[in-house]
Amino acid sequence: GAGVSQTPSNKVTEKGKYVELRCDPISGHTALYWYRQSLGQGPEFLIYFQGTGAADDSGLPNDRFFAVRPEGSVSTLKIQRTERGDSAVYLCASSPYGVAEAFFGQGTRLTVV
Amino acid sequence: RKEVEQDPGPFNVPEGATVAFNCTYSNSASQSFFWYRQDCRKEPKLLMSVYSSGNEDGRFTAQLNRASQYISLLIRDSKLSDSATYLCVVNIGGRHQFYFGTGTSLTVIP
């Protein structure tokens with residue numbers, strides 16, 4: 001596709017469950033970012049990949065959050081033992097290289113009940 | 001202290017008005033600057049990059065003041081379709097994250 005694709009678009013899960021959020025970046029973009037956006041706030045950085053490696057994971061809030069990008073393209077954000085406070089829109093973005101503009105997907109709206 | 005600070009607004013302006021948003025950043029090593037636009041329940045989209053010399057794109061003008069560490073966005077002749085949240089974004093040299101402000105909400109009223 002032409003843009004960044006994220007699936008699912010919406011996810012409702014029960015507290016304590018495990019969830020996976022998928023991001024398919026723009027073809028050829030080496031940089032991939034995960035952000036989290038709560039209502040009324042700007043996107044908050046979670047993790048940055050350059051190729052297959054997590055170059056900066058300083059934004060991951062705790063060890064329940066983990067992300068992978070095994071082949072340098074698609075990425076999966078994994079959240080274990082979800083909590084109600086994890087409810088937010090999770091945005092993925094890609095960029096041709098680390099400091100150029102970032103192109104965002106439409107996000108996954110996660111609701112933990 | 002937040003890396004990027006914006007007045008959240010809301011700004012409610014009539015059609016045809018000129019409106020300006022300011023944004024301040026705290027890290028003097030900031031290198032790249034952008035304005036993104038976000039419509040309700042949509043993803044952020046790049047509106048324009050901000051260059052040191054200032055730049056204009058149609059009705060939109062962006063300015064950067066490195067000495068005072070602020071960025072501005074001016075919208076002339078506001079249209080109803082300009083109603084959105086405008087996010088100020090900064091990239092700090094040597095880091096690979098984009099720091100977002102909380103966004104400024106604009107509503108253009110008929």
Next item on the list: Taking H placed 1.01 Å from N in the peptide plane, check which residues at least 5 places from residue B:102 or on another chain put their amide H under 5 Å from its amide H.
Entry: A:42, B:6
Note to self: At most 14 other C-beta atoms within 10 Å and a DSSP loop state: those are the exposed trypsin sites (Lys or Arg not before Pro) I care about. Give me the longest piece of chain A that has none.
What the structure shows: A:18-63
Notebook entry, point to check: Roughly what would the spin-label model give for residue A:22 and residue A:83, points 7 Å off Cα along C-beta, in nm?
Noted result: 2.9
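Just how large is the dipole of region B:5-110 about the Cα centre, in debye to the nearest 20, putting +1 at every Lys and Arg Cβ and -1 at every Asp and Glu Cβ?
Value, rounded to 20: 220 debye.
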Check: Which aspartates and glutamates have a Cα lying under 16 Å from the Cα of residue B:42, excluding residues fewer than 8 positions away in the same chain?
Finding: A:44, B:82
Checklist line | Residues residue B:68 and residue A:71, FRET efficiency given R0 of 41 Å [Cβ-Cβ distance, rounded to 0.05] | finding: 0.40
Note to self: If you take every residue apart from residue A:91 with its C-beta less than 9 Å away from the C-beta of residue A:91, what net charge results, scoring Lys and Arg +1 and Asp and Glu -1?
What the structure shows: 0
Checklist line | Dipole of chain B [Lys/Arg +1, Asp/Glu -1 at C-beta], most positive-end residue of B:27, B:14, B:81 | finding: B:27
Next item on the list: Using DSSP to define loop residues, name the GluC sites (Glu not before Pro) in region A:52-113 whose beta-carbon has at most 15 other beta-carbon atoms within 10 Å.
Entry: A:71, A:83
Next item on the list: Mind scanning A:15/A:78; A:11/B:79; B:2/B:45; A:17/B:2 and naming the pairs with a C-alpha gap bigger than 25 Å?
Entry: A:11/B:79; A:17/B:2
Item checked: Label-reachable residues, region A:23-41, where backbone N falls under 12 Å from a point 7 Å from residue A:5's Cα toward its Cβ -> A:23-27
Item checked: 25 °C / 0.890 mPa s Stokes-Einstein diffusion coefficient of chain A, Kirkwood radius on C-alpha pairs, µm²/s -> 178
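We did not get these values from a lab; they are worked out from the coordinates using the rules stated. Everything numeric in this text was worked out from a predicted model, so none of it was measured. Glycine gets a Cβ as well: all are built from the backbone with ideal geometry, and neighbour counts include every protein chain shown.
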